[in-house]
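The next block holds one structure in the form of structure tokens; read it before the comments.
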Amino acid sequence: TFSSGTTISSSQVNANFTALGNAMPAVKTVNITSTVTVTATVAPYQDILSINVTPPVDGNIILSGGGTLAIRQSAAGLDWVWVSLTTGSGGFNGTANETFHGISTPVAEAYSYDSFNVTGVFPVTGGATTTFYLTAQKNGANTTTVIRPRLTALFVPGTALP
């Protein structure tokens, strides 16, 4: 806080701008404009995309991942794909930060296209870099690709979300 008639220094003004900047939300996005083939059928999950975030202060990352799944049935019946957001390479959360996509057709070699979006909230520590991953796993011999996958990280400063 500055008082009228008081001389201020550039370091004080810069400190105010830094504090203001650290208190503001920030967004970072990464995407791939082509496709990624999912080959993982057992743990660990396959990393599809990652994003690094170094927040200025403690807070939370609201992470959103999405794209389109192209699943080609290996045989008549049910094929599926799990998609997850994690902070560990090859990981899955086993929580609300994942989504299941299943298809069932009466014939083999049929394609199914399914858009997906998965969102999670992750606490982060100021000054520490955290890598977030969009991961996937499929069953069986189906051919699955992720078309135009994307990750968006929204930083919200503070220790808790309302």
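Observations, loosely collected:
- Net charge of the neighbourhood of Val81, taken over other residues with C-beta under 10 Å away and scored Lys/Arg +1, Asp/Glu -1, is -1.
- The modelled label-to-label distance for the pair Ala43/Ser115, using points 7 Å beyond Cα in the direction of Cβ, is 3.3 nm.
- For Asn60, residues with placed amide H under 5 Å, excluding near neighbours: Val124, Val156, Gly158
- Three-way shape label, the chain, alpha-carbon gyration tensor, a/c 1.5: prolate
- For the options Leu69, Leu85, Leu134, a Gaussian network treatment of the chain with springs between C-alpha atoms closer than 10 Å singles out Leu69 as fluctuating the most.
- Cα long-axis angle, helix 10-22 against the chain (0 to 90 degrees, to the nearest 10): 30
- Label point distance in nm, Ser4-Thr29, each placed 7 Å from Cα along Cα→Cβ: 4.6
- Cα-projected label distance for Ala141 with Val57, points at 7 Å along beta-carbon direction, nm: 5.7
- GNM top mover of Val13, Val83, Val121 - the chain, alpha-carbon springs below 10 Å: Val13
Taken together, the values in this text are just the output of simple stated rules run on the coordinates, not laboratory data. None of the values given here were measured: they were computed from a predicted structure. Note: ideal-geometry Cβ built from the backbone for every residue, glycine included; neighbour counts use all protein chains shown.
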